[in-house]
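Undergrad: Would you mind keeping the following structure in view while I ask a few things?
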Amino acid sequence: MTADPLLTFFLPAALGIIMLGLGLSLSLADFARVAKFPKPVLIGLACQLLLLPLACFFLAKAFGLAPALAVGLMLLAASPGGTTANLYSHLAHGDVALNITLTAVNSVIAILTMPLIVNLSLAYFMSADQAIPLQFAKVVQVFVIVLGPVAIGMWLRSRFPGFAERMQKPVKTVSALFLLLIIVLAMAKDWRTFVDYAPSVGGAALAFNLLSMAVGYCVPRLLKLNLRQAIAIAMEIGIHNGTLAIALALSPALLNNPTMAIPAAIYSLIMFVTAALFGLWVNRVHGAELAEPVAQGERA
């Protein structure tokens, strides 16, 4: 497959802007908060890093996905939460501080866990001549592309807080447009495959999304976290960074397989609807509890 200049230059630029927007919303305090409130963060990370990839593997098997699509779904499961989870958590009266902390920590950890999960998925689902593993040099490239703009955004926020505050909204708007463009690009790049596999992939993506939100909500509740923390974790692991998964799948320097981008593209369209419905449901059922002031000891 020949390298498309649009993909070679556009995808890293688009991803860079999106991750810069993430950095503008983060500070070192978001990472330090882990030490002060470790339990909800560790539970959220365990759900994201351990339970979801395992559940996704069995879903890919159960739906009988084609090898590249199965790897694409696993790539999505390995991706960290998206920044939009913060907005949805806020609207649903979740613990937004916990969302921000989880996004910050998981975005760093995912740089190490994503290549591991992708390589294991390639080895399991695809034959040796089909697999294009993420090698160490490529992992370093992803590290620079993803965390470089985040670090720049965090530096801008620490040095020029007013400017960072003003830029958050326009950068988020541009990020949303880039996400839409990347999804369109992913579908256009492999349109025939998208049409052929959309029904089966759509079912698997919807099942994975619903399972993600259920795990994110039920596991924290079973482990005695408060309602706002459970809502935050459900949003965090239900709204994945589909842009990152699509970029890794499409990039000629990385996986270079448009078919692998299809699960993330479909999931990215589904997750906003299901997240909104979840927020409406939890507020209808627990509206009185969520209307109460947040106790100091419950803040993450």
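The values are calculated or read from the model by the stated rules, or taken from the named source; none is laboratory data. Predicted, not measured: the structure shown is a model, and the values here were computed from it. Virtual Cβ from ideal backbone geometry, glycine too; neighbours counted across all protein chains shown. To get the accessible areas, we keep the full protein, side chains included, count just its heavy atoms, and leave off ligands, DNA and RNA. Shrake-Rupley method; radii C 1.70, N 1.55, O 1.52, S 1.80 Å.
Undergrad: Which of the peptides 268-274, 26-32 is most tightly packed, and how do the rest follow, judged by the mean count of other Cβ atoms within 10 Å per residue?
TA: On the way: 268-274: 17.1, 26-32: 14.9.
Sorting 268-274, 26-32 by mean packing, highest first, produces 268-274, 26-32.
Undergrad: Taking θ = phi - 60°, what integer Hz values does the Karplus form 6.51 cos²θ - 1.76 cosθ + 1.60 yield along the range 17-26, in sequence order, with x for Gly and Pro?
TA: Calculated HN-Hα couplings, in order: 5, 5, 6, 4, x, 4, x, 5, 9, 10 Hz.
Undergrad: Would you work out what percent of the accessible area of the range 5-283, with all protein chains in place, is carbon or sulfur (probe 1.4 Å)?
TA: Answer for the range 5-283 is 75 percent, counting heavy atoms of protein chains only.
Undergrad: Just check the range 5-283 against the gyration tensor rule for me: Cα atoms, a ≥ b ≥ c as the square roots of the eigenvalues, rounded for a/c under 1.5, and otherwise prolate or oblate depending on whether a/b exceeds b/c.
TA: Working: a/c = 1.58, a/b = 1.20, b/c = 1.31.
Judged from the Cα gyration tensor, the range 5-283 comes out oblate (a/c at least 1.5, b/c at or above a/b).
Undergrad: Can you list the HN-Hα couplings for the range 39-50, worked out from phi with the Karplus curve (6.51, -1.76, 1.60; θ = phi - 60°), rounded to whole Hz and with x for Gly and Pro?
TA: Once θ is set to phi - 60°, the couplings for the range 39-50 become 4, x, 5, 5, 5, x, 5, 5, 4, 5, 8, 10 Hz.
Undergrad: Once you have a ≥ b ≥ c as the square roots of the Cα gyration tensor eigenvalues for the range 196-273, tell me rounded if a/c is under 1.5, and otherwise prolate or oblate according to whether a/b is larger than b/c.
TA: Working: a/c = 3.35, a/b = 2.02, b/c = 1.66.
In terms of gyration-tensor shape, prolate.
Undergrad: Tell me the label-point distance for the pair Ala35, Leu112, using the 7 Å Cα-to-Cβ offset, in nm and rounded to one decimal.
TA: My value for the distance between the label points is 1.8 nm.
Undergrad: Determine the shape class of the range 152-248: with a ≥ b ≥ c the square roots of the Cα gyration tensor eigenvalues, call it rounded for a/c under 1.5, and otherwise prolate if a/b is greater than b/c, oblate otherwise.
TA: Working: a/c = 3.43, a/b = 1.10, b/c = 3.12.
Oblate, because a/c is 1.5 or more while a/b does not exceed b/c.
Undergrad: Also: Ranked from highest to lowest mean number of other Cβ atoms within 10 Å per residue, what is the order of the peptides 253-262, 58-67?
TA: On the way: 253-262: 24.6, 58-67: 16.4.
The packing order, highest mean first, is 253-262, 58-67.
Undergrad: Roughly how many Å² is the accessible area per residue of the range 5-283, as a whole number, for a 1.4 Å probe?
TA: 41 Å²
Undergrad: Would you please give the residues with an amide H less than 5 Å from that of His240, counting only those at least 5 places away or on a separate chain, with H modeled from the backbone geometry?
TA: Hits under the 5 Å cutoff: Gly82.
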